[in-house]
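Each remark here refers to the structure printed beneath this line.
The values are calculated or read from the model by the stated rules, or taken from the named source; none is laboratory data. Source: prediction; values computed, not measured. Every residue, glycine among them, receives a Cβ derived from its backbone with ideal geometry; neighbour counts consider all protein chains shown. Accessible surface areas use protein heavy atoms only, side chains included; no ligands, DNA or RNA. Shrake-Rupley method; radii C 1.70, N 1.55, O 1.52, S 1.80 Å.
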Amino acid sequence: MARHLKTAKAADIRRSDDKKVRDIVEGILADIETRGDAAVRELSIKFDGWDRESYLLTDAEICATDLLGQAEHGPDSPAALLTTSEKLARETMAEVERLLKILPTADYAGPAWRDYGEVIVVDDVDEMVAVADEISSEHVQMMTQDPDYFLHNMTNYGALFLGPRTKVSHGEQANVRVRRHGGLNVPYAGTAAPLDRQEA
């Protein structure tokens with residue numbers, strides 16, 4: 001006969017706790033929708049003790065955050081930026097270094113970025129596809145004006161996230177609509193063309 005040495009919270013208590021959290025988050029989102037940047041600024045100061053002139057993120061800040069979001073999975077997690085802009089590449093590297101000084105996950109992300117991080121500047125999108133296919137990343141996020149070009153031309157990846165609003169973290173953490181066509185694993189690495197497409 002099975003014996004519980006430890007039991008979880010009762011389901012009704014968990015539902016009640018979940019509702020409290022949902023109500024708080026919905027209230028925060030409603031406040032942001034109503035008051036915009038003023039609400040974001042107040043929340044940032046309240047929860048993070050942080051303020052800045054503009055809360056609009058630069059392309060380099062977005063890229064650096066996404067790179068470190070992959071790198072923080074563990075000290076041997078790869079993260080790569082491929083771009084046609086050397087300016088964006090250099091700004092992203094500087095932003096990564098800035099973030100590593102303040103991130104609570106820097107103990108994981110720092111070694112991963114140091115040892116497995118890459119920033120590659122290519123001449124055009126055709127070269128970008130060739131390099132990306134050579135790397136064969138598990139997760140590929142395309143922040144570009146023509147994400148469908150990569151959908152139709154890339155072949156080696158585990159999951160492809162298309163467009164600037166389609167984040168890898170959404171696919172990993174959130175309950176999103178995803179069309180799944182396969183996964184990257186040892187027998188298929190470098191040969192299969194699996195696809196995840198998130199519809200934001």
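General remarks:
- When we screen 94, 8, 39 for residues that are modelled with pLDDT under 95 and open to solvent by less than 70 Å² (accessible area, probe 1.4 Å), the only hit is 39.
For every residue, the table says whether it meets (1) under 24 Å from the mean Cα position of the chain (by Cα); (2) on the phi < 0 side of the Ramachandran plot; (3) not aliphatic (A, V, I, L, M).
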| residue | (1), (2), (3) |
| --- | --- |
| 3 | no, yes, yes |
| 17 | no, yes, yes |
| 32 | yes, yes, no |
| 35 | no, yes, yes |
| 51 | yes, yes, yes |
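- Considering region 121-132, the residues that are touching a residue at least 40 places away in the same chain (Cβ under 8 Å) and part of a helix (DSSP H, G or I) include one that is surrounded by the fewest Cβ atoms within 10 Å (Cβ to Cβ), namely 131.
- Qualifying position, being open to solvent by 60 Å² or more (accessible area, probe 1.4 Å) and either among the polar types (S, T, N, Q) or modelled with pLDDT under 95 (or both), among 145, 141: 145
Okay, residues lined up against (1) in contact (Cβ under 8 Å) with a residue 40 or more places away in the chain; (2) more than 22 Å from residue 157 (Cβ to Cβ):
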site	(1), (2)
48	no, yes
58	no, yes
72	yes, no
89	no, no
104	no, yes
109	yes, no
119	no, no
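- Residues that are open to solvent by 70 Å² or more (accessible area, probe 1.4 Å) and touching a strand residue (DSSP E or B) at 6+ places or on another chain (Cβ under 9 Å), drawn from region 102-120: 116, 118
- Single condition residue 53 does not satisfy, out of (1) of a type in the set (D, E, K, R); (2) at pLDDT 95 or above; (3) open to solvent by 40 Å² or more (accessible area, probe 1.4 Å): (2)
- Elements of type helices (runs of 4 or more DSSP H) in region 1-71, at least 3 residues being over 19 Å from residue 96 (Cα atoms): 11-35, 37-43
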